[in-house]
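Reviewing the structure listed below.
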Amino acid sequence: MKAIVLGRQAVDYFSKTKQKQVTGTSIFVAHKDNGVEGMMTRDIWVPKDSPVSIPKFEYGETYDFVFDGFGRYPKLVEINKA
């Protein structure tokens, strides 16, 4: 999925529902989507233990987010500058 990177946020908190520490990075992006006029926004979660290397983003630039699998929770496997 090609998307424009808008920002990123380091996340580190204790989840009461999961009863464990949640640590990672949320990457905020905008991308084109069917049925949407303009662009859609979303965040992409990268857990701390993920093998995915997060590049030093140039905000406002397009990156290619490569996912493995389909459905509700595809797995992010790579991020490349487009």
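The values are calculated or read from the model by the stated rules, or taken from the named source; none is laboratory data. Note that the structure is a prediction, hence the values are computed from the model and not measured. Neighbour counts are summed over all protein chains in view; Cβ atoms, including those assigned to glycine, are modelled from backbone coordinates with ideal geometry. The area values use the complete protein model at the heavy-atom level, side chains included, leaving out ligands, DNA and RNA. Shrake-Rupley method; radii C 1.70, N 1.55, O 1.52, S 1.80 Å.
Annotations
- Treating r as the C-beta distance of Gln9 and Phe70 and R0 as 30 Å, the FRET efficiency rounds to 0.70.
- Non-local Lys pairs in the chain, i.e. 8 or more apart or on different chains, that have alpha carbons under 19 Å apart: 11
- Gaussian network model of the chain, springs between alpha carbon atoms under 10 Å - residue of Gly69, Gly24, Gly35 with greatest fluctuation: Gly35
- Rolling a 1.4 angstrom probe over the protein heavy atoms with all chains in place gives the chain an accessible area of 74 Å² per residue.
- For the chain, a Gaussian network of Cα nodes joined below 10 Å ranks Val29, Val66, Val46 by mean-square fluctuation, and the top entry is Val66.
- Karplus-derived HN-Hα couplings along segment 28-35 (A = 6.51, B = -1.76, C = 1.60, θ = phi - 60°), whole Hz, x at Gly and Pro: 9, 9, 10, 8, 6, 8, 4, x
- Along the axis of the charge dipole computed for the chain (Cβ charges of +1 for Lys and Arg, -1 for Asp and Glu, origin at the Cα centre), the listed residues Pro74, Phe57, Thr17 are led at the positive end by Thr17.
- Over the chain, relative contact order from alpha-carbon pairs under 8 Å, at least 6 apart, %: 29 percent
- Taken along the Cα-to-beta-carbon direction at a fixed 7 Å, the label points for Phe57 and Lys20 span 2.5 nm.
- If only the Cβ of Lys and Arg carry +1 and only the Cβ of Asp and Glu carry -1, the dipole of the chain around its Cα centre is close to 340 debye.
- Semi-axes of the equivalent ellipsoid for the chain, computed as √(5λ) from the eigenvalues of its C-alpha gyration tensor and ordered from largest down, come to 23, 15, 13 Å.
- Surface composition of the chain: carbon plus sulfur atoms contribute 50% of the solvent-accessible area (1.4 Å probe, protein chains only, all chains present).
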